[in-house]
Amino acid sequence: VQLQASGGGLVQAGGSLRLSCAASGRAFSSYGMAWFRQAPGKERESVAAISWSGDRRYYPDSLKGRFTISRDNAKNTVYLQMNSLKPEDAAIYYCAADRLGRAGIRIGMFDYWGQGTLVTVSS
């Protein structure tokens, strides 16, 4: 499976971005998917996760209400809608796939990773 993340860019604080992650292969609909981010000098952290069917989603408390993960299995794509962006949201955002279909939050749960897309938020 190959994952291609896109949609990053420069946005002003308070603005919005929608990230996309396109997956190759027919098994996408069975994968759990997630977004992680990593800022310079910091560890990679979970941002959002969604199960294979979309019925389970996870967000860290600090991001609830601002970030929304969704998926379109017909398009082999998972999305991350980010609203009310803050300078501290700036990071490289990675998408990841879990063959077991979970809405996972631990890095070790994921089998495939995209290359990352850079989000910059100006104050």
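The values are calculated or read from the model by the stated rules, or taken from the named source; none is laboratory data. This is a predicted model, so every value here is computed, not measured. Here the Cβ positions follow ideal geometry from the backbone for every residue, glycine too, while neighbour counts run over all protein chains shown. Quick note on the areas: whole protein, heavy atoms, side chains included, nothing else; ligands and nucleic acids left out. Shrake-Rupley method; radii C 1.70, N 1.55, O 1.52, S 1.80 Å.
Summary table
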item	result
Residue match in the range 24-36 (condition: within 19 Å of GLY8 (Cα to Cα) and charged (D, E, K, R))	no
Residue count, the range 67-90 (criterion: without any contact (Cβ under 8 Å) to a residue 60 or more places away in the chain and buried (at least 22 other Cβ atoms within 10 Å of the Cβ))	3
GLN38, sole failed condition from (1) open to solvent by 80 Å² or more (accessible area, probe 1.4 Å); (2) at pLDDT 95 or above	(1)
Matching residues in the range 96-117 - criterion: being part of a strand (DSSP E or B) and closer than 15 Å to SER29 by Cα	ALA96, ALA97, ASP98, TYR112
Enumeration of residues in the range 5-19 that are part of a strand (DSSP E or B) and among the hydrophobic types (A, V, I, L, M, F, W, C)	ALA5, LEU10, VAL11, LEU17, LEU19
Set SER16, SER30: member being under 22 Å from ARG66 (Cα atoms), in contact (Cβ under 8 Å) with a residue 60 or more places away in the chain and either of a type in the set (Gly, Ala, Ser) or crowded, with 17+ Cβ neighbours inside 10 Å (or both)	SER16
Enumeration of residues in the range 42-54 that are open to solvent by 80 Å² or more (accessible area, probe 1.4 Å) and part of a loop (DSSP other than H, G, I, E, B)	LYS42, GLU43, TRP52
Sole exception among (1) at pLDDT below 95; (2) farther than 24 Å from THR120 by Cα; (3) open to solvent by less than 30 Å² (accessible area, probe 1.4 Å) for LEU63, by number	(2)
Flag for ARG57 being in contact with a Ser or Thr (Cβ under 7 Å, 6 or more places away or on another chain), touching a residue at least 40 places away in the same chain (Cβ under 8 Å), farther than 21 Å from VAL121 by Cβ and open to solvent by 70 Å² or more (accessible area, probe 1.4 Å)	no
